[in-house]
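What follows is a set of notes on a single structure, which appears directly below.
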Amino acid sequence: MSDAAARVADATGNWVDRSAPLWSRPYLRLSRFDRPIGSWLLLMPCWWSAALASGMAHDIHQLPKMIALFFIGAFVMRGAGCTWNDITDRDLDAKVERTRSRPIPAGQVTAKQAFAFLVLQALIGLAVLLQFNTFAIATGVASLGIVAAYPFMKRITYWPQSVLGLAFSWGALMGFAVVFGRIDATALALYAGSICWVIAYDTLYAHQDTEDDALIGVKSTALLFGERTQAALTLFYGLAVLLIGAALALAGARWPAWLGLAAFALHLVWQVARTDISDSALCLRLFKSNRDAGLLLFAGLLVDAIMRGGVIAPS
């Protein structure tokens with residue numbers, strides 16, 4: 001085993017490196033608690049759907065519970081997904097500058113230890129899921145096949161970001177499954193919009209690794225789009241706004257939700273305008289900024305849900 005205090009190359013200066021007990025650090029790194037941006041991005045569609053579905057139902061009594069449980073579930077299941085990704089990618093990660101210091105290729109934990117930790121995280125996620133109705137439980141379990149398949153997609157297609165979109169956007173269905181016990185056209189429109197959002201922001205993320213990916217034969221939309229990345233971002237971010245707007249229209253959303261969508265759209269325009277694929281550090285900052293974009297949309301949806309739920313009387 002290598003030194004557990006050794007840091008991951010692209011996640012320095014975080015609370016795990018500074019404060020976590022030495023024995024826990026490799027496991028916290030496996031689940032990406034040293035860089036929680038992915039958990040936030042997984043959480044955003046969950047919170048969007050929880051707020052939008054509650055507003056449609058004119059009933060927000062379940063909303064605080066959903067917000068809390070989706071928060072726990074997103075962080076735990078993103079950790080499980082990243083652990084699975086590190087297990088399946090351990091040989092590839094050893095060949096990439098940015099990832100060779102991750103816990104498994106660095107020798108901080110074995111693949112068997114990582115798998116045991118994966119099971120523990122999955123059980124916590126199941127405990128969260130069991131707080132919901134039967135349809136919501138089944139909907140949550142249905143996502144596992146996509147999550148399991150995702151790490152292998154980069155080996156066979158230039159569109160692994162689309163599969164990540166299917167997985168990371170699943171929460172857009174969950175709020176409707178919890179509130180209504182069904183998935184309708186509104187949920188599907190929100191899901192489709194979120195998929196487009198994920199494809200765009202993960203393309204930005206993938207531009208950190210294009211040289212290494214090309215050398216070892218790993219595929220991505222960053223390699224596929226290349227110099228056309230800004231145009232591709234414009235397309236997919238634009239589709240995201242249009243499809244989420246369709247969901248708001250189908251849901252009968254009021255002005256706060258539309259204001260939130262406008263703020264979300266302006267943030268995406270800013271990202272596209274700033275994009276420079278030759279600047280890896282900038283690509284990472286723009287990728288991370290999508291948490292703020294998602295929170296802007298959620299804020300609008302939350303105010304709309306509260307208004308429609310009767311806490312604030314309609315005008």
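The values are calculated or read from the model by the stated rules, or taken from the named source; none is laboratory data. All of these numbers come straight from a predicted model, not from anything done at the bench. Heads up, the Cβs are rebuilt from the backbone with ideal geometry, glycines too, and the neighbour counts pull from every protein chain shown. Just the protein is used for accessible areas: all its heavy atoms, side chains included, with ligands, DNA and RNA removed. Shrake-Rupley method; radii C 1.70, N 1.55, O 1.52, S 1.80 Å.
Condition test on Tyr205, is it assigned to a helix (DSSP H, G or I), surrounded by 17 or more Cβ atoms within 10 Å (Cβ to Cβ), modelled with pLDDT under 95 and not basic (Lys, Arg)?
Yes.
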Could you list, in sequence order, the residues of region 133-155 that are polar (S, T, N, Q) and under 19 Å from the mean Cα position of the chain (by Cα)?
Thr139, Ser143
Checklist (1) over 24 Å from Trp15 (Cβ atoms); (2) touching a residue at least 24 places away in the same chain (Cβ under 8 Å) applied to Asp91, failing item
(2)
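Go through region 244-258 residue by residue and tally those that are farther than 29 Å from Asp279 by Cβ and surrounded by 17 or more Cβ atoms within 10 Å (Cβ to Cβ). Spell out the reasoning first.
Step one: filter region 244-258 for residues farther than 29 Å from Asp279 by Cβ, giving 245-258.
Imposing the further condition that a residue be surrounded by 17 or more Cβ atoms within 10 Å (Cβ to Cβ) reduces the set to 245-248, 250-251, 253-254, 256-257.
Here the count works out to 10.
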Would you check if Ala222 is closer than 18 Å to Leu52 by Cα and either open to solvent by less than 10 Å² (accessible area, probe 1.4 Å) or modelled with pLDDT under 95 (or both)?
no
Members of region 261-288 that are buried (at least 18 other Cβ atoms within 10 Å of the Cβ) and closer than 26 Å to Gly55 by Cβ:
Leu261, Phe264, Ala265, His267, Leu268
Let me spell it out: the conditions are (1) open to solvent by 10 Å² or more (accessible area, probe 1.4 Å); (2) in a helix (DSSP H, G or I), and Thr229 meets all of them except one. Which number is the exception?
(1)
Test each condition in (1) open to solvent by 60 Å² or more (accessible area, probe 1.4 Å); (2) among the acidic types (Asp, Glu); (3) in a helix (DSSP H, G or I) for Asp213 and report the one that comes out false.
(1)
Is it true that Val198 is open to solvent by 40 Å² or more (accessible area, probe 1.4 Å), in a helix (DSSP H, G or I) and of a type in the set (A, V, I, L, M)?
no
